[in-house]
Amino acid sequence: MSTPRDSISDELETLVLRFARFAGRIAHDRGLPQEDTDELLQELRLRFWRARKDGLRDLSAGYVRRTAISAALDIIRRRRANRNVSLDDDAATAAPLASMTAGPVELLDQSELAQRVARAVDALAPARRTVVRMHLQGYKREEIAALLRWSEARTRNLLYRGLSDLRSALVAEGIGTREAIT
Amino acid sequence: MNDEELQRAYLRAAPQAPIGPHPDPERIADLVRGSGREADRLALLEHVMRCPACRRELDLLRAANEGARAADTSRFPVRWMAFAAAAVLVIGVTSVFLSRTRTPVAPDVYRGQRPALTLVEPHAGSTVAQPVHLAWQAVADARTYHIELLSEHGDMIAAWNTTDTALAIPDSVRLTASQSYDVWVRATLDDRTDVSSPIVRFSVK
């Protein structure tokens, strides 16, 4: 029995492979589990194959984008519906709670510091807080600007101010030095 | 604490309880598509950034969106790709020829370290009289300088392009006394890369 992959045209497969390369970059940068991109690619192949079978001749840019996002949305909805595949299990991407080599006292210090930093972020002004959260989660400045639809300058300014506010708040609590603020 | 230390400490904190219920996936997709109001985007991202499950969904949608965008650029007909490749080759060869014939001295080459761009005037935190004069250190190989003046909230007030290393903010830009403003400069180099100065905040008298 032939599989969808066997039947798909070279053009479609080239499209999917190129898609995989670029989607894979984001997945890698963000630490997405491999299963996420594999599932997305499989879903996409099936949809392209069905569309071709139904007589669709032109895979326009708009169609590819709509199909890709709709495929991702279906995966998300399926997972939400089936909590056996828990989305809350972030073990693959979670940062270690503390250094493996730290002793009990150091662990306590690290945990206390982490909580203080988290509280200081919570207390930032709204727009700055979101930008700082995204930055500390490892999003690049251009990614933040794209998601917020802000200019590079505005993103940069709010991030700079937000980090400065954060450091000031931490210095007020005795964490860090004043020289580090500017 | 530097950025890296802040990031380590922030990521080490126990996952916080997300604010409210998980948003509908369609709303997260709207973020990626670039639709929706700014206030909604901020509120949504505030939840998503505190919620590992929603962050994973956002990243999956971003991967889908970026993958589709990149895949599309490959779908030029082959003859156009060949034409584009030939055009790039011709432009490249011409540029090399022109640069060799017009430039008697080879430009400085930066290896490893990028050139720095520093605003000389105004100083960070200073209060200056109007008209406000801006000045910055020249960057070797800079083709143009782009200057942006922003409100303290980050909104763009005015922007200029110049080949000079100084600029007086014209009267047409009305600055309010006692207000703070941010300014920064970006140099575009001959190799079309950019170098930016830090943002400098100043007030006017």
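The values are calculated or read from the model by the stated rules, or taken from the named source; none is laboratory data. From a predicted model like this one, the values you see are computed outputs, not experimental measurements. Note that each Cβ is placed from the backbone with ideal geometry, even for glycine, and that neighbours are counted across all protein chains shown.
For this structure, a couple of remarks:
- Residue match in the stretch B:125-134 (condition: at pLDDT 50 or above, of a type outside the set (F, W, Y) and over 30 Å from A:S151 (Cβ atoms)): no
- Which numbered condition A:L107 fails, given (1) in a helix (DSSP H, G or I); (2) under 25 Å from A:L32 (Cβ atoms); (3) at pLDDT below 80: (2)
- Subset of the stretch A:30-73 [free of Cβ contacts under 8 Å to residues at least 12 places away in the same chain, in a helix (DSSP H, G or I) and among the acidic types (D, E)]: A:E35, A:D38
- Residue count for the stretch A:134-155 satisfying the condition of being within 18 Å of B:S196 (Cα to Cα), assigned to a helix (DSSP H, G or I) and at the interface with another protein chain (Cβ under 7 Å from one of its Cβ atoms): 2.
- B:R174 out of contact with any helix residue (DSSP H, G or I) (no Cβ under 9 Å at 6 or more places or on another chain) and part of a strand (DSSP E or B): no
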